[in-house]
Amino acid sequence: MAGTHTPPSPSDDAALIEESLADPDRFAGLFDRHADEIYRYAARRLDDVTTAEDVTAETFLVAFRKRKRYDLSKADARPWLYGIASNLISGHRRSEVRRLKALARQAPEPPAGFEERSAERVTADRLRPALAAALTGLRSAERDLLLLVAWTDLTYEKAAQALGVPVGTVRSRLSRTRTKIRRFLESHV
C-alpha cells in the first residue's frame, strides 16, 4: 500500500537510527532496546551504580549526537554502543584498577558446606583475587577486549566493530591476553 509505513523490526537498530534523523524522538527506541544491557556492562566494569548510570546515559547521549555518522548497513547497534561505553569507561580506569587491586588483596572466602555451593563456585571464589590481580597487569586495551567478550554476547566480529579494530586483532589480542592470564594464574594459585 502506498504511503503505509512499516515500523522497523525489533532487531533493526539501523532503521531506528535512520528514522531518528528526521524524527529525533525515534532514538528513544534504541535506548529502550539496549540501555539495560549497556548499564549491566558498565556496572560490572565500574562496580559503581551511580557511575554506571552516568556512563549509560552518556553513551546514549554521545550516540544520539553521532547518529548521523552511524553505518546504516549494520542492523545491530550494540557493537557501536559498547564501543562508546568502553571509551567512556576508559575515563574511569584509575577507579577500575583501584577496585581490581583491592579485590586482589582480599583473601578468598573459606568454602561453605558442599550442599551450599558447587565445586565450580568454590573454585571461582578462590580464584577471584588472583584473577583481579591478573586483570590489573593487563594493558587497558587487553582488559577492555577480554571483559567485553566475557561479559557480553558479542561475536569477535562485533567486538572488533565495538573497539574499532580488525577482527584479526581481536583474535590475536584475545589469544595473547588469555595466555597472560593463564600464566599468571598458574604461577600465583
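The values are calculated or read from the model by the stated rules, or taken from the named source; none is laboratory data. Treat the numbers as computed from the prediction; the structure is a model and nothing was measured. Heads up, the Cβs are rebuilt from the backbone with ideal geometry, glycines too, and the neighbour counts pull from every protein chain shown. In case anyone asks, the SASA skips ligands and DNA or RNA and just uses the protein heavy atoms, side chains included. Shrake-Rupley method; radii C 1.70, N 1.55, O 1.52, S 1.80 Å.
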Going residue by residue through region 27-47, is there one that turns out to be open to solvent by 80 Å² or more (accessible area, probe 1.4 Å), part of a helix (DSSP H, G or I) and touching a Leu at 6+ places or on another chain (Cβ under 7 Å)?
no
If you go through region 128-161 one residue at a time, how many are at pLDDT 85 or above, among the acidic types (D, E) and within 22 Å of D71 (Cβ to Cβ)?
2
For region 171-189, how many residues are more than 30 Å from H34 (Cα to Cα), surrounded by 16 or more Cβ atoms within 10 Å (Cβ to Cβ) and among the β-branched types (V, I, T)?
1
What number of residues in region 64-94 are farther than 18 Å from L148 by Cβ and either modelled with pLDDT under 95 or of a type outside the set (F, W, Y) (or both)?
10
Restricting attention to region 152-170, which residues are surrounded by 14 or more Cβ atoms within 10 Å (Cβ to Cβ) and in a helix (DSSP H, G or I)?
Y156, K158, A159, A160, Q161, A162, L163, V167, T169, V170
